[in-house]
Amino acid sequence: MRREKIAAVLASEKIGAKTTVMGWIKTKRESKGGFSFIELNDGSCLGNLQIIADKGLPNYREEILRLQTGCSICISGTLVASPGKKQKVELRAEKIKVIGWADPARYPLQKKRHSFEFLRTIAHLRPRTNTFGAVARVRNAMSFAVHAFFQERGFIYVHTPIITGSDCEGAGETFKVTAFDLESVPKKEGHVDFEKDFFGQPANLTVSGQLEAEAYALSMGDVYTFGPTFRAENSNTPRHLAEFWMIEPEMAFCDLDGAIELAEEFLKYIFRYVLENCKEDMQFFTRFIDPGAIKNLEKLVSSHFERITYTEAVKILSKMNEAFEFPVQWGSDIQAEHERYLCEKVFRGPVVVTDYPKQIKPFYMKLNEDGKTVKAMDVLVPKIGEIIGGSQREDDHDTLYNRMKETNISPEDYWWYLELREFGSAPHSGFGLGFERLIQYVTGLSNIRDVIPFPRTPGNVNF
Ligand code: ATP
Ligand code: MN
């Protein structure tokens, strides 16, 4: 059974051609003259192919009349010009084979519209809806664009480990990895005896691939990771998942400015790619999810990324007579409300904030000559705030060692990371970007649970 994808059929507009398509019935209605009209979708595009089945088909009475939303069918027929406005071609069925029935009493996607909350409870079926089909296609296109961007620039794709012995920067809580029988965990002097566990020491799921990516950058030059990361933070917000995908480029012989330039090029490349390759789905998001979806991307692609230091940002924010929930004060973190204010009210576009106080940033960021700030950069965009966080990394062995001591990180645990600063150390920089936050920005979907196929959040690991 050879099938043609509906996307190809609709694009070809080959009137008179024979074809075979397979898919799932979106809707079906009967007309008086003994015709059935079926809207068929196969996931290849947002649009449905209209099928006309007439009573002359041998199984019209026994099967076609009984077909309902959700059934899967195979149709062979001839493409004809459509009298309707929505599509140029439709398929006149010569043979329809029922592949899978869907009991209308039990199939949950009967209504035209369902709430996102309800659809999260049927994550196995929600890709059959227009919204989740569109998200899946845009997510796919964006994944491809991420690789295309880095590959075109000669970056090497590195698979960093999912299970690690270090918890990087302590970015959020980690999930423990163990082979112990949790009913009878070996103890020694009242504590868990990790020497008896699979790895002979505590282990956890990675929160970031950065440290290992640095090792490869200091051999391969320009590298990137694009893989899953895990955080057991119990934050039930529309922007946090327990399992999410992260993009982390790392470049040797590159300073902070180089990382900022790459971040700007990267965002513009991805957005341009989506605008050019996901037109139909982006029009859908603009119509039903966020009226600004396309305009926001177009604006960002042609915008200039403003650059200011953290110190300047604090000065600007404290001059504004704005009642922020969190006070602005040199030395404390800039909150999402401040980030959005800078982008939306002050600069009216993306802003890169650099040189943060060392006490609010991780140990591995390169110390500036003032001894107080680090070569960090956050890319802020309207509506979201921080979308990218990065830095130049500390490449001086002794400074890094001292920063570890200052921040209570054990140098013994990171012996290999320190060694990279002993053998051919070099300036290097990189950044991290949460893939789902990027998809939220593109699609306008307000809840992060709706841009990943099977979201993992506190209390929710099935659906
Ligand atoms: P936030 O303050 O929003 O929790 P963070 O400061 O913990 O973010 P980083 O540790 O810098 O974030 O992680 C890099 C990127 O990963 C962030 O910019 C964000 O896009 C994304 N990210 C972080 N935590 C999550 C999460 N729980 N779910 C989805 N994406 C996340
Ligand atoms: Mn966090």
Among residues belonging to segment 46-70 that are of a type in the set (A, V, I, L, M) and in a helix (DSSP H, G or I), point out the one that is surrounded by the fewest Cβ atoms within 10 Å (Cβ to Cβ). L65
Select from segment 149-195 the residues that are under 18 Å from F431 (Cα atoms) and at pLDDT below 95 and write down the one among them that is nearest to ligand 2 (Cβ to nearest atom). G172
Number of the exception - L380 against (1) of a type outside the set (F, W, Y); (2) open to solvent by less than 20 Å² (accessible area, probe 1.4 Å); (3) under 17 Å from L211 (Cβ atoms): (3)
Please go through (1) part of a helix (DSSP H, G or I); (2) open to solvent by 20 Å² or more (accessible area, probe 1.4 Å); (3) in contact with a strand residue (DSSP E or B) (Cβ under 9 Å, 6 or more places away or on another chain) for L342 and return the number of the only condition it doesn't satisfy. (2)
The lone exception for A134 - which of (1) part of a helix (DSSP H, G or I); (2) out of contact with any Leu (no Cβ under 9 Å at 6 or more places or on another chain); (3) surrounded by 12 or more Cβ atoms within 10 Å (Cβ to Cβ) it fails: (2)
Kindly check whether there is at least one residue in segment 85-96 that is closer than 15 Å to E13 by Cβ and without any contact (Cβ under 8 Å) to a residue 40 or more places away in the chain. yes
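Would you mind finding the one in K196, K188, K268, K279 that is open to solvent by 20 Å² or more (accessible area, probe 1.4 Å), of a type in the set (D, E, K, R) and in contact with a Leu (Cβ under 9 Å, 6 or more places away or on another chain)? Give the derivation first.
Working: K196 fails: in contact with a Leu (Cβ under 9 Å, 6 or more places away or on another chain); K188 fails: in contact with a Leu (Cβ under 9 Å, 6 or more places away or on another chain); K279 fails: in contact with a Leu (Cβ under 9 Å, 6 or more places away or on another chain).
Result: K268 is the single residue among K196, K188, K268, K279 that is open to solvent by 20 Å² or more (accessible area, probe 1.4 Å), of a type in the set (D, E, K, R) and in contact with a Leu (Cβ under 9 Å, 6 or more places away or on another chain).
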Within segment 373-387, track down each residue that is touching an Asp or Glu at 6+ places or on another chain (Cβ under 7 Å) and within 14 Å of ligand 2 (Cβ to nearest atom). D378, G385, E386
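Taking segment 93-120 as the search range and keeping residues that are small (G, A, S) and surrounded by 15 or more Cβ atoms within 10 Å (Cβ to Cβ), which one is nearest to the chain's Cα centre (by Cα)? Even if it seems obvious, please write down each step before you answer.
The initial filter retains those residues of segment 93-120 that are small (G, A, S), namely 93, 100, 102, 105, 115.
Checking the rest, the ones that are also surrounded by 15 or more Cβ atoms within 10 Å (Cβ to Cβ) come to 93, 102.
Values: A93: 39, A102: 32 Å.
So, considering only residues that are small (G, A, S) and surrounded by 15 or more Cβ atoms within 10 Å (Cβ to Cβ), the one nearest to the chain's Cα centre (by Cα) is A102.
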Is it the case, given these coordinates, that P327 is open to solvent by 90 Å² or more (accessible area, probe 1.4 Å), under 30 Å from H147 (Cα atoms) and outside any helix (DSSP H, G or I)? no
Looking at segment 1-10, can you tell me whether even one residue there is within 20 Å of P127 (Cβ to Cβ), open to solvent by less than 30 Å² (accessible area, probe 1.4 Å) and assigned to a helix (DSSP H, G or I)? yes
Cβ-Cβ distance below 6 Å, separation of 6 or more or different chains: which pairs start in segment 164-181 with a residue that is open to solvent by 70 Å² or more (accessible area, probe 1.4 Å) and end on one that is at pLDDT below 95 and within 12 Å of ligand 1 (Cβ to nearest atom)? E173/A232; E173/E233; F175/A232
Return the total of residues in segment 201-225 being surrounded by fewer than 19 Cβ atoms within 10 Å (Cβ to Cβ) and touching a residue at least 60 places away in the same chain (Cβ under 8 Å). 3
Taking the stated definitions as given, is V374 in a strand (DSSP E or B), aliphatic (A, V, I, L, M) and at pLDDT 95 or above? yes
Read through the list (1) within 16 Å of ligand 1 (Cβ to nearest atom); (2) buried (at least 19 other Cβ atoms within 10 Å of the Cβ); (3) under 30 Å from K268 (Cα atoms); (4) under 22 Å from the mean Cα position of the chain (by Cα), then give the number of the only condition that P228 fails. (2)
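For segment 388-406, give me the residue count where each residue is over 30 Å from V442 (Cβ atoms), in contact (Cβ under 8 Å) with a residue 12 or more places away in the chain and either of a type in the set (D, E) or within 16 Å of ligand 2 (Cβ to nearest atom) (or both).
Applying the first criterion (over 30 Å from V442 (Cβ atoms)) to segment 388-406 yields 394-406.
Narrowing further to those that are in contact (Cβ under 8 Å) with a residue 12 or more places away in the chain: 394-397, 399-401, 403-404, 406.
Remaining after also requiring either of a type in the set (D, E) or within 16 Å of ligand 2 (Cβ to nearest atom) (or both): 394-396, 406.
Residues flagged as over 30 Å from V442 (Cβ atoms), in contact (Cβ under 8 Å) with a residue 12 or more places away in the chain and either of a type in the set (D, E) or within 16 Å of ligand 2 (Cβ to nearest atom) (or both) within segment 388-406 amount to 4.
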Assuming W416 fulfils every condition listed in (1) surrounded by fewer than 16 Cβ atoms within 10 Å (Cβ to Cβ); (2) of a type outside the set (A, V, I, L, M); (3) within 22 Å of I387 (Cβ to Cβ) apart from one, which condition is it? (3)
All but one of (1) at pLDDT 95 or above; (2) under 27 Å from F285 (Cβ atoms) hold for K85; which doesn't? (1)
Taking the conditions exactly as written (within 16 Å of ligand 1 (Cβ to nearest atom), closer than 22 Å to T178 by Cα, surrounded by 17 or more Cβ atoms within 10 Å (Cβ to Cβ) and not aliphatic (A, V, I, L, M)), does E250 satisfy them or not? no
If I filter segment 388-406 for residues that are within 30 Å of E337 (Cα to Cα), open to solvent by 10 Å² or more (accessible area, probe 1.4 Å) and in a strand (DSSP E or B), do I get at least one hit? yes
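The values are calculated or read from the model by the stated rules, or taken from the named source; none is laboratory data. Since this is a predicted model, take the numbers as computed values, not measurements. Here Cβ is always computed from backbone atoms with ideal geometry, including for glycine, and neighbour counts include all displayed protein chains. Calculation scope for accessible area: heavy atoms of the full protein, side chains included, ligands and nucleic acids excluded. Shrake-Rupley method; radii C 1.70, N 1.55, O 1.52, S 1.80 Å.
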